[in-house]
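Step one of this worksheet: look at the structure below.
The values are calculated or read from the model by the stated rules, or taken from the named source; none is laboratory data. This structure is a prediction, so every number in the text was calculated from the model and none was measured. Positions of Cβ are backbone-derived with ideal geometry, glycine not excepted, and every protein chain shown enters the neighbour counts. To get the accessible areas, we keep the full protein, side chains included, count just its heavy atoms, and leave off ligands, DNA and RNA. Shrake-Rupley method; radii C 1.70, N 1.55, O 1.52, S 1.80 Å.
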Amino acid sequence: MSLDVSPALLEQAERGEVDEQEFVDCVRTSLPYAWELVSSLVAQLKVDGGEFADNLVPPPSEKERGQLLRALASDAIRGALQRHFGVRLAFQNCHRVAVFPLDAVDGPGYADFTSVRSQVLNQSPELRDC
């Protein structure tokens, strides 16, 4: 799943500097499912509060799953999303994404969510090929 990079953004990169907000806009338009999922989790966290907000619903199709994997597997994209929204993203499988407030990253909730134990407990036969 590739980003739909505009000629202007490509030209910036060729010159050596990329405006991060323009990159974030590229991610938003190229990976709309991933963007909407992260945006909705950030909004949920702001409304509900708590240690984190997470998604438990699988993507509707492989296209959306690919967008989510692309966004979270790329250090550049993931980092830009985290800076843009002011959160830390955590990822367990093809759809279990969580957003944590930055001040919770050193806390027990983040440590538990990102632990090996939680990763193992979050597996199931249905998710084996996701």
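Placing dummy labels 7 Å off each Cα toward the beta-carbon, the span from residue 19 to residue 74 is 1.9 nm. Over the chain, accessible surface divided per residue gives 59 Å², non-protein components excluded, 1.4 Å probe.
Keeping the other protein chains in place, figure out the carbon and sulfur percent of the accessible area of the chain, with a 1.4 Å probe. Exposed carbon and sulfur together represent 52 percent of the surface. In degrees between 0 and 90, to the nearest 10, how far off the longest principal axis of the chain does helix 20-30 point, with axes built from Cα atoms? Taking Cα atoms only, the helix is inclined about 70 degrees.
Averaging over all projection directions, find the projected area of the Cα convex hull of the chain and quote it in nm² with one decimal place. With every direction weighted equally, the projected area is 8.6 nm². Take the Cα of residue 121, step 7 Å along the line toward its Cβ, and report every residue of region 20-55 whose backbone nitrogen sits under 18 Å from that point. Correct set: 51-55.
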